[in-house]
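The values are calculated or read from the model by the stated rules, or taken from the named source; none is laboratory data. Owing to the predicted nature of the structure, the values given are computational and were not obtained by experimental measurement. Because the Cβ atoms are built from the backbone with ideal geometry, glycine has one as well, and the counts that use them run over all protein chains shown. Heads up: the accessible areas ignore ligands, DNA and RNA and are worked out on the full protein's heavy atoms, side chains in. Shrake-Rupley method; radii C 1.70, N 1.55, O 1.52, S 1.80 Å.
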Amino acid sequence: MGYNLQVDIDKSSGFCFGVVYAIEMAEDILDNEGYLYCLGDIVHNDEEVERLTKRGLKIIDLDVLKNLRDEKVLIRAHGEAPSTYQLALENNLTLIDASCPVVLKLQNRIKNSHDDDEQVLIFGKHGHAEVIGLQGQTDGKAIVFQDLAELDNIELPSKFTLYSQTTKSTDKFYHIKDELLSRGYDVKANDTICRQVSNRYEELENFVVNYDRIIFVSGKKSSNGKVLYDVCKKYNDNSYFISNVEELDQSWFAENDKVGICGATSTPMWLMEKVKSALEQY
């Protein structure tokens with residue numbers, strides 16, 4: 001007996017332009033040269049990384065980079081700290097820089113704030129690739145925090161400049177800003193959240209309310225995946241987070257359900273298509 005599910009993919013889901021740009025750059029070089037080094041996962045999606053490694057992408061970390069000479073290395077959309085560029089010069093490496101323009105602009109603003117002797121606070125995820133690059137603009141002097149409670153044990157100056165990782169929740173950023181102002185700090189706040197990410201909140205809201213079930217497809221490491229999944233859950237309680245087709249569970253569905261599929265800015269369209277095909281088999 002078939003479930004006869006009606007399945008749609010959210011048109012606004014899938015790669016943001018920063019990721020598209022990085023992957024197209026990688027594919028061009030792989031087509032021509034057969035292999036390419038990439039510093040860190042090109043995108044926070046294991047399935048897409050696997051597809052590209054099969055084509056010759058070699059994912060390396062900083063330790064490997066230190067011993068690499070005379071090669072081409074891709075800098076992914078998340079960006080890098082100045083020390084990485086310095087190392088590349090010393091090792092005669094050619095950097096293929098696919099840093100997202102939104103991230104580059106933010107790096108530049110943070111560097112200017114630091115050069116002006118402002119104390120920089122960054123609302124972001126500890127150890128996240130983008131955040132490491134941002135903190136590098138301040139010689140590691142910026143204070144990174146994931147939530148307000150972390151600031152309780154830190155002696156903050158009376159005046160500071162607040163920035164945000166580009167994929168954080170806008171609501172949370174403004175909540176943090178207001179809370180710090182109410183505690184009497186002089187806060188210069190810069191909303192540097194990517195509009196391609198924040199516009200998706202609204203698009204998702206409008207999408208998920210039309211379906212009986214929502215399947216949200218994203219890598220576990222994706223920061224913006226967590227944020228966007230929370231939006232789905234908020235507006236449709238029957239939302240499920242999966243990273244690959246194997247994680248689908250038939251017991252989630254009932255006959256004739258309308259199912260919506262959506263994903264993070266790091267979720268490839270081919271993966272959402274694969275999930276759609278699997279559901280149509282039920």
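For segment 90-100, the Karplus equation 6.51 cos²θ - 1.76 cosθ + 1.60, evaluated at θ = phi - 60°, returns couplings of 4, 9, 6, 9, 8, 8, 9, 8, 9, 4, 5 Hz by residue, with Gly and Pro reported as x. Multiplying the residue separation of His175 and Val209 by 0.36 nm and removing their Cα-Cα distance gives an extension gain of 9.7 nm.
Extension gain for Asp8-Asp237 works out to 80.7 nm (0.36 nm per residue, less the C-alpha to C-alpha distance).
For the chain, the spherically averaged projection of the C-alpha convex hull amounts to 16.3 nm².
Proximity of backbone amide H atoms, modeled 1.01 Å from N, is registered between Cys38 and Lys58, Ile59, Ile60, Leu74 at under 5 Å, excluding neighbours fewer than 5 places apart on the same chain.
Evaluating 6.51 cos²θ - 1.76 cosθ + 1.60 at θ = phi - 60° for every residue in segment 131-138, the Karplus couplings come out as 5, 4, x, 5, 5, x, 5, 10 Hz, glycine and proline recorded as x. Take every Cα pair under 8 Å whose residues are at least 6 apart in sequence, average their separation, divide by the length of the chain, and the relative contact order is 25 percent.
Run the paramagnetic zone check for Arg55: 7 angstrom along Cα to Cβ, then residues of segment 32-46 with backbone nitrogen under 13 Å. Within reach of a label on Arg55: 32-36, 42-43. Go ahead and set up a Gaussian network model of the chain, Cα springs under 10 Å, then flag whichever of Asp230, Asp46, Asp171 fluctuates most. Ranking Asp230, Asp46, Asp171 by mean-square fluctuation puts Asp171 first.
Provide the packing ranking of 90-97, 156-163, 213-220, i.e. peptides ordered by the mean count of other C-beta atoms within 10 Å per residue, highest first.
213-220, 156-163, 90-97
Taking 0.36 nm per residue of sequence separation and removing the Cα-Cα distance, the Asp116/Leu62 pair yields an extension gain of 16.5 nm. Distance check, please: which entries in Lys72/Lys172; Lys105/Lys226; Lys141/Lys233 exceed 27 angstrom between their Cα atoms? Table pairs above 27 Å Cα-Cα are Lys72/Lys172; Lys141/Lys233. When peptides 172-179, 259-266 are sorted by average Cβ neighbour count within 10 Å, with the highest value leading, the order is 259-266, 172-179. Only one residue of Gly127, Ala149, Tyr229 has its Cα farthest out toward the positive end of the dipole of the chain, where Lys and Arg carry +1 and Asp and Glu -1 on Cβ, and that residue is Ala149. Surface analysis of the chain yields an accessible area of 47 Å² per residue, using protein heavy atoms and a 1.4 Å probe. Ligands, DNA and RNA left out, the accessible area of the chain computed with a 1.4 Å probe is 46% carbon and sulfur. Taking the Cα-to-Cβ direction at Asp152 and at Asp186 and moving 7 Å from each Cα, how far apart do the two end points lie in nm? It works out to 2.8 nm between the two label points. Straight-distance candidates among the aspartates and glutamates for linking to Lys221, with alpha-carbon spacing under 14 Å and chain neighbours fewer than 8 residues away dropped: Asp41, Asp46, Glu47, Glu48, Glu130.
The equivalent ellipsoid that matches the C-alpha gyration tensor of segment 1-92 spans semi-axes of 33, 14, 12 angstrom, in descending order. When the Gaussian network model of the chain links Cα atoms closer than 10 Å, the mean-square fluctuations of Ala88, Ala26, Ala254 top out at Ala254.
Residues whose amide H comes within less than 5 Å of that of Ile9, counting only those at least five positions distant or on another chain, are Ile261 (H built at 1.01 Å from N in the peptide plane). For the chain, the 222 nm mean residue ellipticity estimated from helices alone, with every DSSP H stretch of n ≥ 4 adding -39500 (n - 2.57) and the total spread over all residues, rounds to -12500 deg cm²/dmol.
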